[in-house]
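Below is one structure, written out as structure tokens; comments come after it.
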Amino acid sequence: MKKNLLLLIICVLIYSCGGNVKDIYQALPDQVLDWKAEAEDVVYDRETLYDYMNGGAEVYLAFDFQQVFVRKFKRTGEDEIILDIYDMGSPAEAFGVFSCDREDEGAGIGQDSEYGFGLLRFWKGRYFVSVIAAGDDQAAKPAIFELGKSVAGLLGPKGEKPEMLKLLPDKGLLKDRISFFHSNVNLNNRFFIASDNILNLDRSTDCAFAEYEEKGQEPVILMIVRYPDKAAADKANASFRLGYMPEAKDTGLAEMENRLWTMVKQKENIVAIIFEAPDTARAQELFLEIHFE
Amino acid sequence: MTKLITRRDFIRGSAGVVLGAAIGFSAEPVKKSRVVLIRNPEALDANSHFNAEVIQEMLDKAVMALLDKSTPQKAFQTLVKAGEVVGIKSNVWSYLPTPAELEQALKRRIVEAGVKEEDIGIDDHGVRENPIFKKATSLFNVRPIRTHYLSGMSGCLKNYIMFAPSQQALHPNSCADLGSCYKLPMVKGKTRLNILCCLTPQFHGRGPHHFSRRYVWNYCGILVGKDPVAVDAVGLELIKAKRRQVLGKARELPPVPKHIQVADTKHGIGTSDLNKIELIKLGWDQDILI
């Protein structure tokens, strides 16, 4: 009886985070407009993801990636549409992988989405989905959207964004530029800081990265990193100061060569860094607006 | 070890210096690290299809200039001899593979140099098990240039990762040790020519497959050299120039192509220092960028 109850709870939890993987795969369409599924579907997990991705695997493995389902659709000639459904383990992680690479207009699919040049990306629940055309992307666009909508409908209920994003100040926040990630590979592809991992980022760290509107100039950047404990935050704080702004010494403030300011501050196990601030007052103000409580 | 490069190096404009590359290419010929860049706008037709005839001509001219020979046949005869077994290490990445026209142009000249057609293999993922590659006496490295999430740039050095027993073992630290592939027993001392296809380079990537057609442009060029590090160092300059033009100075460097410098300073298989590279430019010079 207890065993059955536990199983039921697990099933409910899985569904509430975004549907059952097997059911989703079985319900996927074999044909979208005049594009037909060809070849065998393939599923890759954390061990085999390298077989599928050239180098990009690390970007996903830096999150709680569980598995990706791949189905390829073909029409005539060499053109192909590739559907990838990534089970990221939780809605926060699905949002994370989506959020690190945003450039295009929303497509109105899933919880958040974008489309440009033959690439549709969206997330819903614990799933991140990519649909990409290899070949003539204009010709493939209607099928890409049709497929995206169809997949989104199978992914179960919506999920919550990372709780950590609640730390971000609201005023001036560019909402479609928020990113959440853990590791240096994601940071470097989002906003290059240094060739080495001077913030000691890894899967145990949570990073909220945000841009704030600034009149007459490029946005001010706020990056908040949560470390497992204060000792790890202390170490990273010192490493960042030494590697990036040695002249700041104890102040945590330094004027960069473009006359904009960088500031680093720590509160317990959290390190906050502000880049591209027009002056020290703006940097301080943004730090004070962080919702620590 | 590579020196730490930070965002501030880009703001200062000193990132190239930190990477080991100085301001410009050497005007003095240094045979060891000669690299030839050839461009021809007719390499692609109006529909962006490759023109085999033009590509053959580009390869011929580039190799002749690289080796100071008067005909492509004479040039290739200095690279391979009759009776050899030759592996052409290509790249099959579906979004931007090595153009078949370039593979065939290369193969044609290798055959003319006296190598039997059945003794030439073209492969990518299967090189470690390919019987021709297993007994190859010479290798030719040919692949397109593009950016890469981890290594910053996929060039000739990165193309040899398939010879490694474990590709994953080469991923840490931005794939810094890719140059070690040139020292693997299957490879060491066998590479005769490195060809970095810049016909349609990709200067930035997006999505799971690091591909977006938006960031591919018709540069219509080919880089050729005997030194893979020098070829990649020049290729990186091209990628940086295009990124600077389109994405802005702060995003000039794809994060983070350490492996090119490390291949020089740690593995000693070539030069990454632009001051020690003689870059010969042939053909079309519009929007040449470097």
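For segment B:164-220, how many residues meet the condition of being aromatic (Phe, Trp, Tyr) and either touching a Pro at 6+ places or on another chain (Cβ under 6 Å) or farther than 27 Å from A:Glu103 by Cα (or both)?
The qualifying residues number 2.
What's the total number of residues in segment A:136-155 that are more than 14 Å from chain B (Cβ to nearest Cβ), of a type in the set (Gly, Ala, Ser) and closer than 28 Å to B:His49 by Cα? Talk me through it step by step, then tell me what you get.
Just the residues of segment A:136-155 that are more than 14 Å from chain B (Cβ to nearest Cβ), to begin with: A:142-143, A:145-147, A:149-155.
If we keep only those that are of a type in the set (Gly, Ala, Ser) as well, we get A:143, A:150, A:152-153.
Now narrow it down to the ones that are closer than 28 Å to B:His49 by Cα: A:143.
So the count comes out to 1.
Among the residues of segment A:107-137, count how many are outside any strand (DSSP E or B), of a type in the set (Gly, Ala, Ser) and at pLDDT below 95.
Here the count works out to 2.
Within segment B:204-216, identify whether any single residue is more than 10 Å from every other protein chain (Cβ to nearest Cβ) and either in contact (Cβ under 8 Å) with a residue 24 or more places away in the chain or β-branched (Val, Ile, Thr) (or both), and answer yes or no.
First, pick out the residues of segment B:204-216 that are more than 10 Å from every other protein chain (Cβ to nearest Cβ): none.
No, there is no match, as no residue in segment B:204-216 is more than 10 Å from every other protein chain (Cβ to nearest Cβ) and either in contact (Cβ under 8 Å) with a residue 24 or more places away in the chain or β-branched (Val, Ile, Thr) (or both).
Does A:Asp170 meet the test of being more than 14 Å from chain B (Cβ to nearest Cβ), surrounded by fewer than 19 Cβ atoms within 10 Å (Cβ to Cβ) and either touching a strand residue (DSSP E or B) at 6+ places or on another chain (Cβ under 6 Å) or at pLDDT 95 or above (or both)?
So A:Asp170 passes the test.
Considering only segment A:250-262, I want to know if a residue exists there that is within 11 Å of chain B (Cβ to nearest Cβ), charged (D, E, K, R), free of Cβ contacts under 8 Å to residues at least 12 places away in the same chain and assigned to a loop (DSSP other than H, G, I, E, B).
The answer is yes, given that some residue of segment A:250-262 is within 11 Å of chain B (Cβ to nearest Cβ), charged (D, E, K, R), free of Cβ contacts under 8 Å to residues at least 12 places away in the same chain and assigned to a loop (DSSP other than H, G, I, E, B).
Just one of (1) within 14 Å of chain A (Cβ to nearest Cβ); (2) free of Cβ contacts under 8 Å to residues at least 60 places away in the same chain trips up B:His148, so point out which.
Condition not satisfied by B:His148: (2).
Residues that are in a strand (DSSP E or B) and surrounded by fewer than 20 Cβ atoms within 10 Å (Cβ to Cβ): does segment B:114-130 have at least one? Outline the logic, then answer.
First, pick out the residues of segment B:114-130 that are in a strand (DSSP E or B): B:120-123.
So of that shortlist, the ones also surrounded by fewer than 20 Cβ atoms within 10 Å (Cβ to Cβ) come out as B:123.
Yes: segment B:114-130 contains one or more residues that are in a strand (DSSP E or B) and surrounded by fewer than 20 Cβ atoms within 10 Å (Cβ to Cβ).
Assess whether A:Leu222 counts as being crowded, with 21+ Cβ neighbours inside 10 Å and not in a strand (DSSP E or B).
Details: crowded, with 21+ Cβ neighbours inside 10 Å: yes; not in a strand (DSSP E or B): no.
When the stated conditions are applied, A:Leu222 does not pass them.
Each row is one residue, and each column tells you yes or no for (1) modelled with pLDDT of 95 or more; (2) of a type in the set (A, V, I, L, M).
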site: A:Asn189; (1), (2): no, no
site: A:Ser204; (1), (2): yes, no
site: A:Cys207; (1), (2): yes, no
site: A:Met245; (1), (2): yes, yes
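Just to confirm my filter: which helices (runs of 4 or more DSSP H) fall fully inside segment A:17-86 and include at least 1 residues that are without any contact (Cβ under 8 Å) to a residue 40 or more places away in the chain and closer than 21 Å to A:Leu120 by Cα?
Working: elements: A:21-27, A:49-52, A:57-61.
Because the criterion is at least 1 residues that are without any contact (Cβ under 8 Å) to a residue 40 or more places away in the chain and closer than 21 Å to A:Leu120 by Cα, the helices (runs of 4 or more DSSP H) in segment A:17-86 that meet it are A:49-52, A:57-61.
Among the residues of segment B:151-162, which ones are touching a strand residue (DSSP E or B) at 6+ places or on another chain (Cβ under 8 Å) and in a helix (DSSP H, G or I)?
Step one: of segment B:151-162, the residues touching a strand residue (DSSP E or B) at 6+ places or on another chain (Cβ under 8 Å) are B:153-156, B:158-160, B:162.
The answer is B:Cys156, B:Lys158, B:Asn159, B:Tyr160, B:Met162.
Only one of A:Asp206, A:Asp176, A:Asp234 is more than 14 Å from chain B (Cβ to nearest Cβ), of a type outside the set (Ser, Thr, Tyr) and farther than 29 Å from B:Gly152 by Cβ. Can you tell me which?
Values: A:Asp206 fails: farther than 29 Å from B:Gly152 by Cβ; A:Asp176 fails: farther than 29 Å from B:Gly152 by Cβ.
From the options A:Asp206, A:Asp176, A:Asp234, the qualifying one is A:Asp234.
The values are calculated or read from the model by the stated rules, or taken from the named source; none is laboratory data. The structure presented is a predicted model; accordingly, all values stated were derived computationally and were not measured. Note: ideal-geometry Cβ built from the backbone for every residue, glycine included; neighbour counts use all protein chains shown.
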